[in-house]
Amino acid sequence: MFKKIVLIALVAMLSIAALPTASVSASELTDETSPPTGEVTGEKLEAAWERALLLNERVGKTFERVDTLTEKIQTLIEKADEKGMDTSAVQAALDAFNAAVDEAYPVYEAAQDVIAAHAGFDANGKVTDAETAQATLKSLGESLKEIRGMTVESGKALRDAIKAFREANPRPEKPEGASFSPSTSG
């Protein structure tokens with residue numbers, strides 16, 4: 001039961017963490033529907049840069065955990081297969097998720113190049129050129145949105161496939177009186 005809970009939590013965290021919850025807050029700076037009124041201050045750009053870096057860090061940690069997560073899911077699929085359970089939907093969802101992650105990773109790497117160049121910002125995140133800084137934020141924000149677009153649906157589909165599998169294959173309940181009791185013999 002614990003493995004199932006951990007698995008659900010990992011899948012949920014992965015799908016949530018891989019997805020930005022906001023548009024990196026740079027969208028307010030680059031909203032094409034209405035031109036910005038007044039000048040964007042360096043403080044706003046610096047704050048947006050800091051938020052973008054934090055979001056990027058979260059996405060990076062998620063990419064680091066993907067292999068471990070998918071290996072655990074694959075192991076559970078193999079164990080279920082050995083028991084004769086139909087795991088085809090979960091396997092297909094896992095394969096699609098892995099393909100989406102593989103497709104998204106180069107976009108993440110390109111975002112790292114944007115961060116490393118930090119055009120418009122100095123090494124401490126202070127604005128050196130507001131116009132260039134806005135362009136950098138826009139580029140980084142688009143990359144993070146693209147990663148989200150590539151992974152969100154497959155992450156949800158994987159989570160749903162696991163949930164459906166668990167509903168179709170509930171874990172057998174332990175017989176009454178069957179509990180773990182450690183041996184006292186040494």
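The values are calculated or read from the model by the stated rules, or taken from the named source; none is laboratory data. What you see is a predicted model; the values in this text were computed from it and never measured. Please note: Cβ atoms are built from the backbone with ideal geometry, for glycine as well, and neighbour counts cover all protein chains shown.
Points to keep in mind about this one:
- Restricting Ile147, Ile162 to those that are closer than 30 Å to Asp86 by Cα, buried (at least 19 other Cβ atoms within 10 Å of the Cβ) and either under 20 Å from the mean Cα position of the chain (by Cα) or not polar (S, T, N, Q) (or both) reduces the list to Ile162.
- Residue count, the stretch 123-165 (criterion: in contact with a helix residue (DSSP H, G or I) (Cβ under 8 Å, 6 or more places away or on another chain) and not in a helix (DSSP H, G or I)): 3
- Test: residue in the stretch 15-32 that is charged (D, E, K, R), assigned to a loop (DSSP other than H, G, I, E, B) and either closer than 30 Å to Ala116 by Cβ or at pLDDT 95 or above (or both): yes
- Residues satisfying the stated conditions in the stretch 90-113, i.e. surrounded by fewer than 20 Cβ atoms within 10 Å (Cβ to Cβ) and farther than 30 Å from Thr75 by Cβ: Ala110, Gln112, Asp113
- Meets criteria (more than 26 Å from Gly42 (Cα to Cα) and surrounded by 12 or more Cβ atoms within 10 Å (Cβ to Cβ)) for Thr87: yes
- Some residue of the stretch 95-103 being within 21 Å of the chain's Cα centre (by Cα), within 17 Å of Leu53 (Cα to Cα) and in a helix (DSSP H, G or I): no
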